[in-house]
Amino acid sequence: MDKVEILGVKIDNLSLQEVLEKVGNFLESKNKYFIVTANPEFLVAAKKDKNFKDILNYADIAVADGVGLVYAAKFLGHKLQRITGVDLFGYLCELAEKTDTPVYLLGAGEGVAQQTAEVLKQNFPNLKIVGAESGGLILSNGETQTANGNAEIINRINLAKPKILFVALGQVKQEKWIFKHLDQLSSVKVAVGVGGTFDFVAGTVARAPELMRNLGLEWLYRLIQEPGRAKRIFNATVIFSFSVLKNKVINKIKKTNAAEG
Ligand code: UDP
């Protein structure tokens, strides 16, 4: 199955190779494309925010960034391949370097996008990074702290002419920002929401060790590092698991009722 629906959100079951092939085609096309790197928290947020759910389902590709989605899919009887946002970011930069595709980094705290660009230059010396900026704090209504902030950001991106735009404004905000502004970004073919990726690449936040990641314990590592994320981690683990279970039971009851006429 190509897409797996979890809590009403369609997630793509694609290998990394398949995603890269699609992106290669997107870059050649006249249209604009939007990629989401979803985790359980996205789906919990989408339960309460119909607009966010619609945006996630509108995305051209939604990969399973969080291992919780893989477990949930398995519980629902489907296979889902995991592609983390950080890995996807690295492979897209490699693809961009090979294909001479200009990229732009938008988001994260002050100076982090620029630090990320420095790390990228060391790893992909021929990668064309045509811009890197924090974008400032984006408010929950999608506006910036200064009146013309978004117009100025869009103007800078349009002048730099990237084809791939990586947006790290935090989940929900970054997807809404891309959805709202993609049409105004004249050169951009592919926009990707990458969450905390710049922080990991720049080294401002440490990523969980591989063993913990493989065991699905990334949330525990983040909880130890950033106790302030407890509510978000609770959403991603307990609330998410409970919602998937509840949904499965409800669907089963509905099916049984329908069969009994
Ligand atoms: N961020 C930002 N602007 C905002 C809110 C968040 O640039 O208004 C950045 C934040 O600095 C971090 C990134 O978004 O670099 C990811 O944030 P978060 O940890 O909330 O998202 P997640 O990784 O869970 O998607």
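For this structure, a couple of remarks:
- Split the accessible area of region 10-114 by element, probe 1.4 Å, and carbon with sulfur accounts for 49%.
- Amide H contacts under 5 Å for GLY195, placed H, 5+ residues apart: LEU169, GLY170
- Note that region 148-261 presents 55 Å² accessible area per residue, ligands and nucleic acids not counted, probe 1.4 Å.
- Ratio of the Cα radius of gyration of region 102-188 to 2.2 N^0.38 Å, where N counts its residues: 1.04
- Equivalent ellipsoid, the chain (semi-axes from 5 times Cα gyration tensor eigenvalues, Å): 31, 20, 19
- Most to least packed among 70-81, 173-184 [average Cβ atoms within 10 Å]: 173-184, 70-81
- A Förster distance of 30 Å, applied to the separation of the beta-carbon atoms of ASP49 and LYS255, puts the FRET efficiency at 0.65.
- Kirkwood-based shape ratio for region 142-251, expressed as Rg/Rh from alpha carbons: 1.07
- Rg/Rh for region 1-151 (Cα atoms only, Rh after Kirkwood) is 0.99.
- The chain: most fluctuating residue of VAL63, VAL192, VAL44 per GNM, C-alpha cutoff 10 Å: VAL44
The values are calculated or read from the model by the stated rules, or taken from the named source; none is laboratory data. Owing to the predicted nature of the structure, the values given are computational and were not obtained by experimental measurement. Note that we place each Cβ from the backbone using ideal geometry, even for glycine, and neighbour counts take in every protein chain shown. In case anyone asks, the SASA skips ligands and DNA or RNA and just uses the protein heavy atoms, side chains included. Shrake-Rupley method; radii C 1.70, N 1.55, O 1.52, S 1.80 Å.
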